[in-house]
Amino acid sequence: MISSDPKKVTRICFDNIEVENMHKLEVAKKHGAYAFLPTVLKEFDTDKIIDEVKTSGLRGRGGAGFPTGLKWSFVPRNTGKPTYLLCNADEGEPGTFKDRDIMRFDPHLLIEGMIMAGFALGVKDAYIYVRGEFLHEYNVMCAAIDEAYAANLLGENILGTDFSMNLLMHRGAGAYVCGEETALIESLEGKSGRPRFKPPFPAVEGFYACPTVVNNVETIATIPAILEHGGAWHAAIGKPNNTGCKIFSVSGHVNKPGNYEVPMGTTLKDLVENYCGGLQHGDVPKVIIPGGSSTPWILGEHYDVPLTYDDIMKAGSFLGSGAIIILDETADLIAVTRRLAHFYAHESCGQCTPCREGTGWVERILNRLDAGKATEDDVKVLFDASTHMAGRTICALADGASAPTLSLLKFFPEDVQAKLVEKSS
Amino acid sequence: MSTSNQPRFSEERLAEIDALVKRYPSAKSALMPVLYMAQQDFGYLSMETQEMVGEVLGLRIMEVREVVTFYTMFKEQPHGKYLLEVCTNASCMLNGADELYAHMKETLGIGPGEITEDGLFSIAEVECAGACAGAPVVQVNNMYYEKATASSMDELITKVRAGEAI
Ligand SMILES: Cc1cc2nc3c(=O)[nH]c(=O)nc-3n(C[C@H](O)[C@H](O)[C@H](O)COP(=O)(O)O)c2cc1C
Ligand code: SF4
Ligand code: FES
């Protein structure tokens, strides 16, 4: 059970992650699942829930860190149209693998969060969009949803109240861009996943042009604890403006890669040394990619950075999805950058010229550079193409695509120089 | 699995699709799940299968084509009974994925887009599988093999060839 004393809280979403058979309703209930749901359905209303979530300070865990309560408050009421709740379980950002563990080990936590969020927003139909590769997680979620329906936790008149809500799992099919919320909506409408221009924002015009909220799995899975213990309780965990706990997916050159949930403000060094078994080589990372492959690199001098949105921003990057990739002194940075460039070129949906053309150029030049065949002029084009992609496109994929290359050029110009040839052959 | 030129969903499938369509505001939303069903039933999405899916959902063939061609998990070509997908993105690369992928291609004697002569295997390089703690990660028909090594993959290939369950 999570402590009602915020000072004692070390984990929220992962509180029961090690419980055996937690994916079964019976076991989940023994560990408190759905215990507070009747109170929410009977005694809370939209305003109270949104107030609690606002007070909690919860910021979206999908990458952008947008305050969840505020997002919910943008949903217009009484439009005569249905409001949809979509859970983003696309988890495609390289380095990110946290939502998978919530779904496969504690699916009822996510379902309970969906019911509470759906109730707050007056939702009748909710969907969880899960990346296609997560077939096992999809199956676990489907089985848990079936159990929830059988127990009247979903469907008509949930637990004897006036509230009815359906929940359906929907599989993506291998397109990273579908994690972007408007691409996800397009995809769920049975189309290719091409992001939409904003505005209109999904809150006003989303799924089939109806008001729509898109939230990440971890965000939704935090809701039950916030409603049970109160927004103020959550706000007292972590740091001001960076409240609560956060799951960090740590991978790369650490001895024990994995998901670790810790209070916000824990330092990166503490996380790596006391949870991840330390670095594979050396005492300090060479490069830290702090929030998934789309976030700018920071260097070993920031090893002590407290893991909060604000501190990582001060260090020059973003907390993003909390996917930390650690590169130690053995890493070949040009090869890593080349590989990430391939990823973005492959995943660009192609509708904006700077992104479609830019990611292609960047990949080709980095391939040449890695093969020792690039010239000084190539590096100029590399810099220009990366710079011109960022901030000029429909979605943020292009910004992410430019991050690794611009980081390489900024921090390791001598590595790049050492690989150049005088004239291209 | 059938490879007939005139693919048809079974009655049970059609009933399942009818029920699924009702779960969405519009039948079009059911396109991706129905394509998955078709892929499962017919092995891959031939043009005939795509046309049939369009008919079942009342969609134009271009609407179906747009989706099939956009998403990498929809396959327009047949592949081996076991599709080995090696993640070579950053975290897997830092833990030896390139060497593993090269080793597996050599063991099987095929490259991406090919099928081994016994029809058992195809291989592909894929993007981050969302399981980077288990780097390097290999998916075998959507089952995850984490911390894969040359020897664990050799063993898997040998087992499949010997007709053993994996
Ligand atoms: C290219 C791209 C990919 C994204 N992928 C994901 C993803 O896999 N999962 C996710 O939750 N958010 C992803 N996002 C962020 C979503 O657009 C959106 O901000 C998020 O789902 C909102 O949920 P939250 O407020 O709970 O964080 C992505 C954004 C971009 C630009
Ligand atoms: S930035 Fe790239 S991925 Fe995003 S909409 Fe434009 S072309 Fe598509
Ligand atoms: S990089 Fe291979 S699973 Fe994420």
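The values are calculated or read from the model by the stated rules, or taken from the named source; none is laboratory data. Bear in mind the structure is a predicted one, so any value in this text is a computation, not a measurement. Cβ placement follows ideal geometry from the backbone for every residue including glycine, while neighbour counts extend to all protein chains displayed.
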Of A:91, A:18, which residue is assigned to a loop (DSSP other than H, G, I, E, B) and touching a Lys or Arg at 6+ places or on another chain (Cβ under 6 Å)? A:91
Let me confirm something: among A:410, A:373, which residue is farther than 21 Å from residue A:179 by Cα and exposed (fewer than 15 other Cβ atoms within 10 Å of the Cβ)? A:410
Would you confirm whether or not the stretch B:90-105 contains a residue that is within 12 Å of another protein chain (Cβ to nearest Cβ), of a type in the set (D, E, K, R) and in contact with a helix residue (DSSP H, G or I) (Cβ under 7 Å, 6 or more places away or on another chain)? no
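Okay, residues lined up against (1) in the same structural domain as residue B:15 (by TED's automatic domain parsing); (2) surrounded by 15 or more Cβ atoms within 10 Å (Cβ to Cβ); (3) more than 21 Å from residue A:134 (Cβ to Cβ); (4) within 16 Å of ligand 1 (Cβ to nearest atom):
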residue: B:76; (1), (2), (3), (4): no, no, yes, no
residue: B:101; (1), (2), (3), (4): no, yes, yes, no
residue: B:124; (1), (2), (3), (4): no, yes, no, no
residue: B:128; (1), (2), (3), (4): no, yes, no, yes
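From the set of residues in the stretch A:329-353 that are among the polar types (S, T, N, Q) and more than 10 Å from chain B (Cβ to nearest Cβ), which is nearest to ligand 3 (Cβ to nearest atom)?
A:348
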So which of A:57, A:62 ends up being within 14 Å of another protein chain (Cβ to nearest Cβ) and either within 16 Å of ligand 3 (Cβ to nearest atom) or surrounded by 14 or more Cβ atoms within 10 Å (Cβ to Cβ) (or both)? A:62
Scope the stretch B:1-52; condition in a loop (DSSP other than H, G, I, E, B), under 19 Å from residue B:68 (Cα atoms) and either within 21 Å of the chain's Cα centre (by Cα) or of a type in the set (Val, Ile, Thr) (or both); matching residues: B:3, B:5, B:7, B:8, B:9, B:43, B:44, B:45, B:46
When the residues of the stretch B:23-64 are filtered to those that are of a type in the set (D, E, K, R) and at the interface with another protein chain (Cβ under 10 Å from one of its Cβ atoms), which remaining residue is farthest from residue B:83 (Cα to Cα)? B:23
Condition check for residue A:353: farther than 17 Å from residue A:411 by Cβ and polar (S, T, N, Q): yes
Counting only residues in the stretch A:177-221 that are among the acidic types (Asp, Glu) and more than 7 Å from every other protein chain (Cβ to nearest Cβ), the one nearest to ligand 2 (Cβ to nearest atom) is identified as A:180
Among all residue pairs at least 6 apart or on different chains, which show Cβ distances below 7 Å where the first residue, located in the stretch A:160-176, is within 12 Å of another protein chain (Cβ to nearest Cβ) and the second is among the charged types (D, E, K, R) and assigned to a loop (DSSP other than H, G, I, E, B)? A:166/B:23; A:168/B:23; A:172/A:90; A:172/A:131; A:174/A:133; A:176/B:127
Could you identify the single residue in A:392, A:356 that is away from ligand 3 (no atom under 16 Å from the Cβ) and closer than 25 Å to residue A:61 by Cα? A:392
